[in-house]
Amino acid sequence: MRLRLKFAWLLALALASGAAPALAHGVTVEHRQVSSVELQARFDTDEPMANAQVLVYAPGNPTDVWQQGTTDDQGRFSFTPDSSQPGTWEIMVRQAGHGVLTTIPVADSTSGGEPTATPVTVADTGANSLISPSAALSPVQRGITIGSVIWGFIGTALFFARGKH
């Protein structure tokens, strides 16, 4: 009887922990085009990423930093892309183990003025990661991960349920 009670308690704990939402700090970066590209980086709790490191990479050279700086107290940062380098600019924003890599497509200006950017919002998937949106898990990968976690909980519960021999 006691063995069944212990097993039932462990199984209930395993199932409950799988249904509980995971709490982690995600990061959101928004940008808009004025005379330059303005970014605003916030955690998913809506707290600004104050004094976060920002690295800007030009379209033609994704390995060398084109410009670097830090966000202000409100998580804002702005830069003016080189109009002679249209294409996809990569922006990395990070602070205290949280960060995001986002891309900003910048088209060549047809009127000879400032280049134009398409607004994009990108969020990372959790703490201590710099993950692009294309690196998110597919539904099959999520299913395998969830199944593996459940199988691990069942195995652990069975191990403890067998008692001392």
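The values are calculated or read from the model by the stated rules, or taken from the named source; none is laboratory data. Predicted, not measured: the structure shown is a model, and the values here were computed from it. Because the Cβ atoms are built from the backbone with ideal geometry, glycine has one as well, and the counts that use them run over all protein chains shown.
Structure above, values below:
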read-out: Single residue of Ser17, Ser35 found to be in a loop (DSSP other than H, G, I, E, B), among the hydroxyl-bearing types (Ser, Thr, Tyr) and at pLDDT below 60; value: Ser35
read-out: For Thr88: the one exception among (1) part of a strand (DSSP E or B); (2) among the β-branched types (Val, Ile, Thr); (3) surrounded by fewer than 20 Cβ atoms within 10 Å (Cβ to Cβ); (4) under 15 Å from the mean Cα position of the chain (by Cα); value: (4)
read-out: When residues of segment 62-85 are limited to those that are within 14 Å of Glu38 (Cα to Cα) and not polar (S, T, N, Q), the one farthest from the chain's Cα centre (by Cα); value: Pro81
read-out: Complete set of residues in segment 49-73 that are touching an Asp or Glu at 6+ places or on another chain (Cβ under 9 Å) and farther than 19 Å from Val27 by Cα; value: Tyr57, Ala58, Pro59, Pro62, Trp66
read-out: Failed item, numbered, when Gly69 is tested on (1) crowded, with 18+ Cβ neighbours inside 10 Å; (2) free of Cβ contacts under 8 Å to residues at least 60 places away in the same chain; (3) outside any loop (DSSP other than H, G, I, E, B); value: (1)
